[in-house]
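Peer 1: Can you read through this structure? Questions will come right after.
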Amino acid sequence: MNIKEGKINNSQLMFLVASFMLGTSTFIHFMDTIAFHDSWLAILTAFVICIPFVLCYSALAKRFQGKDLIQINDIIYGSFLGKIISILYIVYFFLLLSLNLKGLGDFYVGYVMPETPKPVFIIIFALVCAYTVGHGLEPMARISHLTVTYAIFVITGTFLLLYSEVDFTNFLPIFELPIKDFIQSVHIVAAIPFCEVMVFLMVMPSLNNFGEVNKYMLLGFALGALCLLVISVRDTSVLGTSSFISNNAAYQTVRIIEIGEFFTRIEIVVAMGITICLFIKICVLYYITLASIAQLLKLKSYKTLIIPIGGIAIIIAFIAYDSIVSHNYSAKNYHVFYTIPYQFIIPPVSLLIAKLRRLPKRKGRELI
Amino acid sequence: MKKRMIILFKILISTVILFNLTGCWNANELNTLPIVVGIGIDKAPSDEEVQVVAQIIKPQELQGSLGSSDGGGEAYWNLTSTGETIFDAIREMTHESSGRLYTAHNQIIVIGNKIASEGVQKYLDFFMRAHETRPNTLIVISSNTSTEILDTKPELTRIPAESITRLSEAQEIQSHSKKVTFQDFTNYLMSKTTSPVAPLITSLKDKETSTLKIEGMAIFKGDQMVGQLDESESRGLLWVTGDIKTGALVVPYKNEVVTLEIINAKRKITPKIQGDNIYIHVEIKEEGKIVEQTSKENLATLQDFEELKKVQNEAIKSEILSALNKAQELNTDIFGFGEEIHKKYKEEWKEISSNWDKIFPSIEVEIEIQSSIDSTGKISHPAVPQSLE
Amino acid sequence: MFNYLKKIIHYKKAITKHTNNLDDEKDQGVSLTSHLDENLNMLKNILGNSNDIIIKLLNIGNNHDYKGALVYIDGLVDKTMLYESIMRPLQNEMSCSKDCSNLTVLDRINERLLSSTNIDNVSKIKLLIDNILTGNTVLLLDGSNQALAIPLQKWEKRSIEQPVTESVVRGPHQGFTETISTNITLLRRIIKNPDLRMESYTIGDQTNTNVCIVYMKDIVNPKLITEINTRLDRIKTDAILESGYIEAFIEDAPYSIFATVGNCEKPDKVASKILEGRAAIFVDGSPFVLTVPLLFIENFQSTEDYYSRPYFSSMTRLLRFVSYFITILSPGIYVALTTYHQELIPTQLLFTMAAGQYGIPFPSAIETLIMLIIFDILREAGIRLPKPVGSAVSIVGALVLGESAVSAGLISPFMVIIVALTAISSFVISSQTDSAAILRYFFLLLAGLFGAFGLIMGFLFILVYLASLRSFGTPYLLPISPLSMSGMKDTFIRAPIWAMLKRPKTIGKYNLNRQTESYMKPTENNRNINDE
C-alpha cells in the first residue's frame, strides 16, 4: 500500500470528519463536571471559535495540494526544523491513538462487560483497526457515512423515545457559570473533540478534488459538532443534575428509555454507536500515525509499520494512567494545553509563512 | 503458498490459545444465574451493621401459567444477609446462594424505616456506582422493615417485588402517591433545597392474608426521613409538582356530595422576588368531569356548574394547603420552590440558597386555581322521575 | 542484484513460453495428405478404437468414381440428416466427368451437392479432430488433402424448463439449458440489437469447452471486456465442467467467502444485467451464466421485484435485508444476550427464558452450535435426496429433533425458535445461503467468546472487508459505499421503473442514460376515452 494510494472524495472526507468527532463523544463528558448545565453553551461557543482554525487547516491542505503535513513542514520550516516539528506531531498523533484505544477499553470495562480484562478489548479492537488500516484509507472512508448515519439515527431515535422525560428547564438558569470555568470548558471542547480534526492534514492530501475542500471540511465539522451538541442537550435535559456525577451520561440517559414493558434496555445501540464511531476515529489516527512516520522516513509503504506501531500503541494504552481519575485530571489540566501548539499555533503560523513566502513554489508541475 | 500455510497455522494456534484464555470472564449461564428482582435494606439487629434482603426468582417455579401451579413452592426466595456495607452484605450472600447475585434486573429498592430515618445517601451510594443498577429502579420506603414488605406474598402476581412495582406504578390512577425512580431520587439528593419524597408502603396483616398498601409519601430532609404525607396531602404535593394524572375528587355540594374525576391538570410555578420578600405563585389548571352524585337534583345546569367549579377549586386548594402546611412545618421544600427561584433569579440565588431553611417556612405561596368541568358522563340527569315543567 | 536475477528468470521464462508456442504450432501444422488411407490411419491413431467413432467408407458419384470416407461420432450426429443430405446425394446424384481433378471434386460437392450450411474446408489434422469431437461430420476424399466439415450436430438435450433455483410467479418462466447455443439464442430473443456482441473461447485442454462472453457494445466498459479477456486467457486448466470452474479462475478475491462473480439461470435476468453494462459469460454444459461485475446488493434483488408494483417490491427488498441480518446474527445475538448481557433482555422475557433454560445441560453457546450443526446436516440431507425421501427427512428433523429434544430437556424451546428462524431466513436470500452459513458460525464464535463486543467487532471486520472488496474493478458494496444516491433508488427500496433514469453509476458509466423521459401524465384525452 503506497502511502497515498487510496483516493477519497469530498463527501467521504466530510463523513470521516464527523465520524471522527463523534468518536470523542464519550471522552469529553468530564467537561460536564466543570460546565454543568451550561455545557451546551460551551460546545456552541467552542464551535464558533474553532471554525477559523478548521478553515485554516483546509486552506493549508488546499494550498499544498497533495502534500501531507510532514511534507508541508519540510517545505515551510526547512528540512531541519521541519523534521523536528514533524516528529513532535508524530508523538502527538501517537499519543492520541493510544489514549483513544485506552478510552475504548475503559468504556467497555466500565459499562458493558466489567469483569473482562481491559487488554482483551484493546487488543481485539486494535487488530481489527490494523486490518482496516492495512487496506489503506479507502475502506474506512467508505464506511464512514454508515457510521455517521447510524449515529444520527441513534441520537434522534433516543431523543424521540425520551421525549416524555425531557425537561428543558434543566438548562435554567442560563450561563450561571463563573467565566473562568466557562473558558476552561470551552477550551476542553475546542481542544479535544473539535480541533483534533487537525489530524486530517494527513488525510486531506488523498482527496481527489481540492476545489471544495473548505466547504466539505466545514460541513463535516459542523455535522460532528451538531451531533455532540444534541447529545449534550439530550443528556442534560433528561438526567438533570445527576448527569454531572455520571461518568458516561450518554449511556446512563439511554438506560432510562422505557416504552411499555418491552421496549427498554436498548443501551447496547449506544454502545454500538460509540464503538463504531471510535473505530473510525482510531483507524484514522492509526493511519495518520503510520502515514506520517512512513513519510518522515521516506518509506514507500507503511505496511511494515502496522504491527510494531500498533503493538507500542496497545502497550501505552495499557500503562497510560493508573486510574480514570488521573486520566480525567490530566485531560482537564495537561492535555488541553499540550495540544495548543499542534492545533492552534503551528497550522496558522504555517499558513502565514506560506502566504508571506509565497509557498509552495512550483517547478514544472511539481510542488516543491 | 507455503508462506500462507504457515500464516494460517499461526492464526489457528493463536485462536486455540485464545479459546483457552478467554470466554469465561463475563459469561453467566441463564439457568445458574440468581436473578435479583428486589432489594430491601434494613438495620441489622445489632444496629452496627446493615441487613440486606435480596429477592431472587426461581425460574423453574415460574414456568407454566400463573396460579395453575399452586401446588409448587414459592416463585421467589428471599435471601438475607448482613454486612458492614451494602456491597459487603450482598457479597456475603454468596455463602448461601449459588452464584454471584445478578442485580441488573432489580426492579425495586425497599428502604426500611430505620435506615430512612438515619439517612439514605450512604446506603444508596453503592447502587449509584454499580453499573448494574438501572435508573428506572423504583424506590419505596417501608413503614416498618423492608423484610416484612418483601415477605408479603402477593395475590395477583407471584413475586412480591413485581407486585410492589405494579403497585407503585398504579398510583397515578388515584394520584395519592407517585412512583419515584432511582434517577429521580438521585436528582433530589443532589439538589441544594429540594427535599426528597418517596412512596411509603406498609404491609397490612390479617390472621391469614397480608396485603401491601401504599399510603402517602415519606418526606426527607436532606437524606433523612422526617415525616410523612397522608393521602390527600400527597395529592396536594402532586398538584404542585405537576404529577397528577387522574383521580377522584369528592366535593360537598348542597349538603350532598359530588364526585369529580380529574381528567387533566397543569401547573405553573412563578417565583417573584420583591425587595426582601419572596412570593411563589402557583397556578393550576384543572379539568374534571362529574362521575357520581348523591343528590337527586339535576346538576347539569350552568349555575350548578359554576358553583361546582368553585367547590372544586376549594377542594384542590385545601389539598395543596394541607401539603404546604405540613412541608413548612417540617421545613422541607418538597415542592422544589427553591429550584424554581434558582432558575429565575440566578443572581439572588446564592444568598437565598444559603438561607433557604429560614426562608422556606415563612414563604408566601399564592395559589390560583382555574378548574373546569367537562362533562357529566353518560347521563345528564340523575335517574329520578323527571317533572315536565 | 536481485533485479538482475529477476531479469534473468523472466528471460528464461519468456524463452520457454516461446518454444511452447512453437510446439503448439507444429502440432497443428500436420496437414492432411492426399491419400485417403493415410489420412484415415492418422485419424485412427489419434482417435483410437472407441466404438462410437464411425468411419464410413463410401464410393462417391453415380459411377462410384471416387473413394471417400465419412467420419463422425455416433450420437452427436443427426442420422436422418446424414443420410438425406449427405449420403444419398453423394452416392446417387453425383455426376462428374473424369477430367475433374480430385481437388475440385471436393469443391463441387461443397457447392452443388450438399444442402447443409456452414461447411468448412479443413486441411489440418488437429482442426479435423476438433471438428469431429464437437459433433461435425467430416468428409474425406481420396486424392484430396482437404476435408469437409459438415455441421449436423444433434444430441439428446434437456428442453427449456423453468429453473429450479429462481422460480418466479410473475415474469418469464424459461431458464437456460446445458447447451450454449440454445442459451445464447434465448438471450438474442430478448435483446434484438446489433450491439449485442459475443466473443468465443475454447478453454480446457481436455474438455475443450466453449465459453462465450456476451455484452452490449455501446454500454459496457471496454476495459471490463479487456480485463475478462486477459483473465480468461490466463486459464490453463484441463477441464471446465461447469461455469463454477470459470468463476473460480477469474474471481477477484479467491479466498473470499463472498462470491464476486454472479450467476443466474434466467435469460431475462442476464439480459437486464447486460443492459446495465455488465458482461455475461456463457459456458457450454452449464445452465448457470456468469455475470460480472457482481455487487453485494444484487443478492438482494430478484427479477420479480421489477415486474411487480414498487411498494410491494420495496417491502420484500427490506424484508430480505432483515432476513439476511437475522440469519447471520440471530444465533450470535442469542448467545451474547443469554450468556453476557442478560441486562439487555426485558425482565419478563428474561424470566420466561430463564424458565425455559432451566435444567438444560449445555451452555447456550454449545447448545446453539449443536443445533446449528444439526440444522445444516438436515438441510444438506434434504437437498440431495429425492423428493419423497426429503419430506421424510424433514419430518424426522422437525419431530425428533425439535419436539423430543425440548421435551427431553436437552434443548431449550427458545433455542428451537432461534434456529428455526435462522433457517427460514437463510432461504430468503438464496444466493447468499453459503456465505451466510459460514458467517453464522463466525458470529456465534465471536459472541460466545466476547459477547456484544465480539459481535460488533466481527460486524466491523466484515463491513471493512466488504468495503475493500472489488469485483472487476467495481467496489463490491457499491450503491451503499461509496455512496451513490442514484443507486439508492434500487437498493433498500425499488423505485418505479420510470424513475430509474440512470444505469448503475460505475458499471454503466459509458452510457449512463437508461431512458430520457420519465413517466408521462395521462393526456387530456384520458377522461374522454369511455365517453362515446
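Peer 1: C:G451: on the phi > 0 side of the Ramachandran plot and part of a helix (DSSP H, G or I), yes or no?
Peer 2: Yes.
Peer 1: From the set of residues in segment A:296-310 that are open to solvent by less than 30 Å² (accessible area, probe 1.4 Å) and part of a helix (DSSP H, G or I), which is nearest to A:G136 (Cα to Cα)?
Peer 2: Filtering segment A:296-310 for residues that are open to solvent by less than 30 Å² (accessible area, probe 1.4 Å) and part of a helix (DSSP H, G or I), the one nearest to A:G136 (Cα to Cα) comes out as A:I306.
Peer 1: Which residue, of B:L330, B:L324, is away from chain A (no Cβ under 14 Å), within 24 Å of B:N187 (Cβ to Cβ), in contact (Cβ under 8 Å) with a residue 40 or more places away in the chain and open to solvent by less than 30 Å² (accessible area, probe 1.4 Å)?
Peer 2: Result: B:L324 is the single residue among B:L330, B:L324 that is away from chain A (no Cβ under 14 Å), within 24 Å of B:N187 (Cβ to Cβ), in contact (Cβ under 8 Å) with a residue 40 or more places away in the chain and open to solvent by less than 30 Å² (accessible area, probe 1.4 Å).
Peer 1: Across segment A:239-262, what is the number of residues that are among the small types (G, A, S), surrounded by fewer than 19 Cβ atoms within 10 Å (Cβ to Cβ) and within 17 Å of A:F107 (Cα to Cα)?
Peer 2: So the count comes out to 0.
Peer 1: Could you grab me the full set of residues in segment B:336-377 that are more than 14 Å from every other protein chain (Cβ to nearest Cβ), open to solvent by less than 50 Å² (accessible area, probe 1.4 Å) and under 22 Å from B:I284 (Cβ atoms)?
Peer 2: Hits for segment B:336-377 are B:F360, B:I363, B:V365, B:I367, B:I369, B:S371, B:S372, B:I373, B:S375.
Peer 1: When you go through (1) within 29 Å of A:P205 (Cα to Cα); (2) touching a residue at least 40 places away in the same chain (Cβ under 8 Å) one by one for A:K118, which number turns out not to apply?
Peer 2: (1)
Peer 1: Follow-up question, since we're still on this one. Would you be able to tell me the number of residues in segment C:58-77 that are under 42 Å from the mean Cα position of the chain (by Cα) and outside any loop (DSSP other than H, G, I, E, B)?
Peer 2: 6
Peer 1: Another one. I'd like the full set of residues that are surrounded by 14 or more Cβ atoms within 10 Å (Cβ to Cβ) and over 16 Å from C:G75 (Cβ atoms), limited to segment C:36-56.
Peer 2: C:L36, C:N39, C:L40, C:M42, C:L43
Peer 1: Among the residues of segment A:140-172, write down those that are of a type in the set (S, T, N, Q) and open to solvent by less than 60 Å² (accessible area, probe 1.4 Å).
Peer 2: Of everything in segment A:140-172, those that are of a type in the set (S, T, N, Q) and open to solvent by less than 60 Å² (accessible area, probe 1.4 Å) turn out to be A:S144, A:T147, A:T158, A:T169, A:N170.
Residues checked against (1) in contact with a Pro (Cβ under 8 Å, 6 or more places away or on another chain); (2) open to solvent by 10 Å² or more (accessible area, probe 1.4 Å):
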{"residue": "B:G99", "(1), (2)": "yes, yes"}
{"residue": "B:N113", "(1), (2)": "no, yes"}
{"residue": "B:T133", "(1), (2)": "no, yes"}
{"residue": "B:V140", "(1), (2)": "yes, no"}
{"residue": "B:S143", "(1), (2)": "no, yes"}
{"residue": "B:D151", "(1), (2)": "yes, yes"}
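Peer 1: In addition: Within segment A:263-294, can you find the residues that are open to solvent by 30 Å² or more (accessible area, probe 1.4 Å) and either closer than 19 Å to A:L137 by Cα or assigned to a helix (DSSP H, G or I) (or both)?
Peer 2: Hits for segment A:263-294 are A:I268, A:V269, A:M272.
Peer 1: From the list A:Y334, A:Y321, A:Y329, pick out the single residue that is aromatic (F, W, Y), open to solvent by 30 Å² or more (accessible area, probe 1.4 Å) and assigned to a loop (DSSP other than H, G, I, E, B).
Peer 2: A:Y321
Peer 1: List the residue pairs whose Cβ atoms are under 6 Å apart, where the first residue sits in segment A:207-226 and is under 18 Å from A:G6 (Cα atoms), the second is surrounded by fewer than 23 Cβ atoms within 10 Å (Cβ to Cβ), and the two are 6 or more positions apart or on different chains.
Peer 2: Qualifying pairs under 6 Å: A:N208/A:K7; A:N208/A:N9; A:F210/A:K62; A:F210/A:Q65; A:V213/A:K62.
Peer 1: Within segment C:144-203, count every residue that is among the small types (G, A, S), part of a loop (DSSP other than H, G, I, E, B) and over 30 Å from C:R309 (Cα atoms).
Peer 2: 2
Peer 1: Just checking, how many residues over segment C:478-520 are under 23 Å from A:S11 (Cβ atoms) and among the hydroxyl-bearing types (S, T, Y)?
Peer 2: Count: 5.
Peer 1: Taking only segment A:205-224 into account, find how many residues are under 16 Å from A:M21 (Cβ atoms) and surrounded by fewer than 24 Cβ atoms within 10 Å (Cβ to Cβ).
Peer 2: Matching residues across segment A:205-224 total 5.
Peer 1: Residue check, B:E314 against (1) touching a Gly at 6+ places or on another chain (Cβ under 9 Å); (2) away from chain A (no Cβ under 14 Å); (3) outside any strand (DSSP E or B), all met but one. Which one?
Peer 2: Result: B:E314 fails condition (1) only.
Peer 1: Please count how many residues of segment A:254-291 are under 22 Å from C:L463 (Cβ atoms), in contact with a helix residue (DSSP H, G or I) (Cβ under 6 Å, 6 or more places away or on another chain) and of a type in the set (V, I, T).
Peer 2: So the count comes out to 9.
Peer 1: Give the residue, chosen from A:Y150, A:Y131, A:Y111, that is within 13 Å of chain B (Cβ to nearest Cβ), under 30 Å from A:A61 (Cβ atoms) and not polar (S, T, N, Q).
Peer 2: Exactly one residue qualifies, and that residue is A:Y131.
Peer 1: Checking the condition open to solvent by 50 Å² or more (accessible area, probe 1.4 Å) and among the aromatic types (F, W, Y), which residue from A:F200, A:F175 passes?
Peer 2: One residue alone meets the criteria, A:F175.
Peer 1: All but one of (1) at pLDDT 85 or above; (2) at positive phi hold for C:A69; which doesn't?
Peer 2: (2)
Peer 1: Still on this structure, I have one more. Which condition does A:I307 not pass, out of (1) more than 18 Å from A:Y92 (Cα to Cα); (2) at pLDDT 90 or above; (3) more than 14 Å from every other protein chain (Cβ to nearest Cβ), if it passes all the others?
Peer 2: Answer for A:I307: the failing condition is (3).
Peer 1: To continue, here is another question. So, of the residues in segment B:188-220 that are among the charged types (D, E, K, R) and within 17 Å of the chain's Cα centre (by Cα), which turns out to be farthest from B:D333 (Cα to Cα)?
Peer 2: B:K213
The values are calculated or read from the model by the stated rules, or taken from the named source; none is laboratory data. Only a predicted model underlies this, so the values are computations on that prediction, with no experimental measurement involved. FYI the Cβ positions are ideal-geometry reconstructions off the backbone, even for glycines, and counts take in every protein chain you see. Areas reflect the complete protein model, heavy atoms only, side chains present, ligands, DNA and RNA absent. Shrake-Rupley method; radii C 1.70, N 1.55, O 1.52, S 1.80 Å.
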